[in-house]
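Participant: Take a look at this one; I'll ask things after.
A short reminder: the numbers here are calculations on the coordinates, not readings from a lab. This is a predicted model, so every value here is computed, not measured. Using ideal geometry, Cβ is built from the backbone for each residue, glycine included, and neighbour counts are taken over all protein chains shown.
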Amino acid sequence: MLPLATPRLSLRELRLADAVRRDSSFASAMVMLAHSQRNQGRSADDWMPVAEQAFQLAAGFKLAVSGHDL
């Protein structure tokens, strides 16, 4: 198991943050970014807004497709 704060996690955070910057509707990248930040022991003030935004996007997606047959 990896320690909570490693250079690998920091690189992951940078890549995920870049993915979110490139696509602000990439909810799964936001979830992984928030998870990475939390695992590094960062304050909830850092990762909770990202997680909440991902949740809002996911909720909107479910509403958008709920009327269609998949």
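Participant: For segment 19-35, take each phi angle, set θ = phi - 60°, evaluate the Karplus expression 6.51 cos²θ - 1.76 cosθ + 1.60, and give the result in whole Hz per residue in order, putting x for glycine and proline.
Facilitator: Rounded to whole hertz, the list is 4, 5, 4, 6, 9, 6, 10, 7, 4, 5, 5, 5, 4, 5, 5, 4, 4.
Participant: Provide the packing ranking of 17-26, 34-43, i.e. peptides ordered by the mean count of other C-beta atoms within 10 Å per residue, highest first.
Facilitator: 34-43, 17-26
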